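The values are calculated or read from the model by the stated rules, or taken from the named source; none is laboratory data. Note that this is a predicted model, so its numbers are computed, not measured. Cβ: placed from backbone, ideal geometry, glycine included. Neighbour counts: every protein chain shown.
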């Protein structure tokens, strides 16, 4: 077995800064959404449904879009159904298929929560950076996300 290529001191600092920033940003945005009665996971689901034709997505596609297991998404959707944000609907083409569908309350909720969430993303990330740094983030994380998504899809 080959010896591992340990991270240099600079690489270790960069990695740990990325981890801390990601976790702290996620925690802060999640905390702020709780004021609207949502978690960041709820919000991500509502965004995906709100941007989909007829405000509906197959559960399998929604699981892929939100990078969740089908089981975990099913539990999440059950909680959101209980809150009146979404409903499940059967798929006419495929009897095994199920859609998650945004309700009127879900639509009103995403419309109410979105401005505050975007303000939080600006306050805690975008406005702390120069336009060049925002471009660099896109250039850095775009290829990483693409590669990891291709690995995930290949499974």
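Out of 100, 89, one residue alone is touching a strand residue (DSSP E or B) at 6+ places or on another chain (Cβ under 6 Å) and within 28 Å of residue 141 (Cβ to Cβ). It is 100. Filtering 30, 42, 64 for residues that are surrounded by 15 or more Cβ atoms within 10 Å (Cβ to Cβ), modelled with pLDDT under 95 and under 30 Å from residue 137 (Cα atoms) leaves a single hit, 64. Would it be correct to say that residue 12 is over 28 Å from residue 111 (Cβ atoms) and either in contact with a helix residue (DSSP H, G or I) (Cβ under 8 Å, 6 or more places away or on another chain) or exposed (fewer than 12 other Cβ atoms within 10 Å of the Cβ) (or both)? In short, yes. Tallying residues that are surrounded by 10 or more Cβ atoms within 10 Å (Cβ to Cβ) and more than 27 Å from residue 61 (Cα to Cα) within segment 129-155 yields 5. Could we say that residue 33 is part of a helix (DSSP H, G or I), under 28 Å from residue 146 (Cα atoms) and in contact with a strand residue (DSSP E or B) (Cβ under 7 Å, 6 or more places away or on another chain) here? No.
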